Amino acid sequence: VSREVDELEQDAAAGNGLLDRRTLLKGAGALVALSAGGARAGERPAWSSRPGKPMSGYGAPSAFEAGVTRGGISAQPGAAGSGASRTPLEQLEGTITPSGLHFERHHSGVPAIDPDQHRLVVHGLVDRPLRFDLEALHRYPMVSRSYFLECSGNSGALIAPEPRQASCGELHGLVSASEWTGVPLRLLLEEAGLEKPARWVVAEGADAARMSRSVPLEKALDDALVALYQNGERLRPENGYPMRLFLPGWEGNMSVKWLHRLQVTNAPAMSRDETSKYSDLEADGSARLFTFPMAVKSVITSPSGGQRLGARGVYQISGLAWSGTGSIREVEVSADGGRSWAPASIDGPALPQHLTRFRTAWRWQGQPAVLLSRAVDSSGNRQPTRSAVLAGRGAGSFYHYNGIQAWGVDESGAVRNVYA
Ligand SMILES: Nc1nc2c(c(=O)[nH]1)N[C@H]1C(S)=C(S)[C@@H](COP(=O)(O)O)O[C@H]1N2
Ligand SMILES: [Mo]
């Protein structure tokens, strides 16, 4: 053990063992001392004794990582291909989701689109309707930006009266982040030429569900992308190959995958996907017209639901924060169910509409604890408590849930989803 207990006592930042965020930098986590004879010379594991596998055309994770997969896979009975899979947030670190672990939400399965036959049409209130193939799109200047994508139904399980026991990814894994590369939608709309009454752009997908959503023109001309690449390679089929609309910070449903049509209109289309679904209820039961941005949110990914702490000692609390209305300005963590709080350290630049990693140190001596995190974004929006979210919503309304997540730790070190 590298640190004296008194020294850690001075690092206390809040109740129940929460330490100053800088404690991690001082090496308090380095608890494994090399026992005498632990590294005997002459003993060579098999992998150090003979040459390994040759080169491969496309790499895959280590066979030892086979357990790291999308989880919480759900299918909607009676609707072929409709369902979701979730990112295993608790098994990942950093802020970029490997493409193969990006969450999926399909209304009608993954279409097998031949990129040579696929076209994107821009029509409606434009001076000249245009049709683009992939080659034509590649002539426009592209941009690369890292953004999260979150389904508005993410974390909806937290409205249940009793806390559901599931992993962090199963509860909150309808959020992922990638570097997206594509053509700013503005360039394509300017090329087509907008007519005076143009106010909205209706985007439609080429899947059997023909998912369609109406996008206000201001967003379409601001930061919207027709994304062609994800983390440096072409989009994965699950995420919209060969092209998708991407609307930074807005509910995932609007980032129409397998994009094949953009119709410029003077009013929203009032499609099924923006009326019968994807609308939120106010406390008095009336329906909000649209809820575009995803609200500020955070979750501790480690330790989290279903995990078990091992030896007593200093633990690194690690989590993710994000906001559709800015960048993450601050994350605070509590180990005593919210009686006291201390700031976590933000790892790296907090980019707007992207996942931000936060960390802090916590000393667990076998005591029960309730771990919480709460985020504030650059627009001054604060993550609310679960009860505040529920109080502001009509019964059964579950989209856009962003309440504070509580993880309970018991004397055995078992971590559970709890309501604080
Ligand atoms: N064409 C089409 N676009 C779509 C969908 C769909 O089913 N069809 N699902 C939407 C929903 S509800 C979400 S949350 C995101 C999910 O994107 P992902 O599967 O790449 O994570 O895509 C959106 N775009
Ligand atoms: Mo979604």
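The values are calculated or read from the model by the stated rules, or taken from the named source; none is laboratory data. What you are looking at is a predicted structure, and each value in this text was computed from that prediction instead of being measured. All Cβ positions, glycine included, derive from the backbone under ideal geometry; neighbour counts span all protein chains shown.
Listed conditions (1) more than 9 Å from ligand 1 (Cβ to nearest atom); (2) within 30 Å of residue 59 (Cβ to Cβ) are all met by residue 245, apart from (1).
I need the full set of residues from segment 332-346 which are of a type in the set (D, E, K, R) and over 14 Å from residue 300 (Cα atoms), in order please. Explain how you work it out, then say what you get.
Of segment 332-346, the ones of a type in the set (D, E, K, R) are 332, 336, 339.
Passing the criteria: 336, 339.
Could you tell me whether any residue of segment 303-319 is under 17 Å from residue 151 (Cα atoms) and either within 14 Å of ligand 2 (Cβ to nearest atom) or hydroxyl-bearing (Ser, Thr, Tyr) (or both)?
Keep residues of segment 303-319 that are under 17 Å from residue 151 (Cα atoms), which gives none.
No, there is no match, as no residue in segment 303-319 is under 17 Å from residue 151 (Cα atoms) and either within 14 Å of ligand 2 (Cβ to nearest atom) or hydroxyl-bearing (Ser, Thr, Tyr) (or both).
Taking residue 251 as the residue in question, decide whether it is in contact with a Pro (Cβ under 9 Å, 6 or more places away or on another chain) and farther than 30 Å from residue 21 by Cβ. Here the answer is yes, as residue 251 does meet what is asked. Checking each residue in segment 262-280 for being surrounded by 19 or more Cβ atoms within 10 Å (Cβ to Cβ) and away from ligand 2 (no atom under 15 Å from the Cβ) picks out 262, 263, 264. Of 81, 72, all but one fail to be modelled with pLDDT under 95, closer than 25 Å to residue 231 by Cα and within 16 Å of ligand 2 (Cβ to nearest atom); the exception is 72.
Of the residues that make up segment 210-230, is at least one of a type in the set (Asp, Glu), closer than 26 Å to residue 114 by Cα and over 18 Å from the mean Cα position of the chain (by Cα)?
The initial filter retains those residues of segment 210-230 that are of a type in the set (Asp, Glu), namely 218, 222-223.
Filter once more, keeping what is closer than 26 Å to residue 114 by Cα: none.
Among the residues of segment 210-230, not one is of a type in the set (Asp, Glu), closer than 26 Å to residue 114 by Cα and over 18 Å from the mean Cα position of the chain (by Cα), which makes the answer no.
Quick grid of which residues meet (1) touching a residue at least 60 places away in the same chain (Cβ under 8 Å); (2) crowded, with 19+ Cβ neighbours inside 10 Å:
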| residue | (1), (2) |
| --- | --- |
| 362 | yes, yes |
| 366 | no, no |
| 372 | yes, yes |
| 385 | no, no |
| 394 | yes, no |
| 399 | yes, yes |
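Out of segment 84-125, which residues are in contact (Cβ under 8 Å) with a residue 60 or more places away in the chain, assigned to a strand (DSSP E or B) and either within 16 Å of ligand 2 (Cβ to nearest atom) or surrounded by fewer than 19 Cβ atoms within 10 Å (Cβ to Cβ) (or both)? Scanning segment 84-125 gives 84, 86, 104, 105, 106, 121, 123. The set of residues from segment 131-140 being buried (at least 17 other Cβ atoms within 10 Å of the Cβ) and either within 16 Å of ligand 2 (Cβ to nearest atom) or over 26 Å from residue 354 (Cβ atoms) (or both) comprises just one member, 132.
Just for segment 1-40: of the residues that are part of a loop (DSSP other than H, G, I, E, B) and modelled with pLDDT of 75 or more, which one is nearest to residue 314 (Cα to Cα)? If we take residues in segment 1-40 being part of a loop (DSSP other than H, G, I, E, B) and modelled with pLDDT of 75 or more, then 17 is nearest to residue 314 (Cα to Cα).
Taking only segment 81-109 into account, find how many residues are of a type in the set (A, V, I, L, M, F, W, C) and near ligand 1 (Cβ under 9 Å from one of its atoms).
As a first pass, look at segment 81-109 and keep what is of a type in the set (A, V, I, L, M, F, W, C): 84, 89, 92, 96, 101, 103.
In the following step, the residues that additionally are near ligand 1 (Cβ under 9 Å from one of its atoms) were identified as 84, 103.
Final tally of qualifying residues: 2.
Does residue 304 satisfy being outside any strand (DSSP E or B) and either closer than 30 Å to residue 129 by Cα or in contact (Cβ under 8 Å) with a residue 40 or more places away in the chain (or both)? Against the criterion (outside any strand (DSSP E or B) and either closer than 30 Å to residue 129 by Cα or in contact (Cβ under 8 Å) with a residue 40 or more places away in the chain (or both)), residue 304 qualifies. Of all the criteria given as (1) at pLDDT 95 or above; (2) within 16 Å of ligand 1 (Cβ to nearest atom), the one not satisfied by residue 271 is (1). Summed over segment 325-354, residues that are in contact with a Lys or Arg (Cβ under 9 Å, 6 or more places away or on another chain), surrounded by 20 or more Cβ atoms within 10 Å (Cβ to Cβ) and closer than 30 Å to residue 144 by Cβ total 5.
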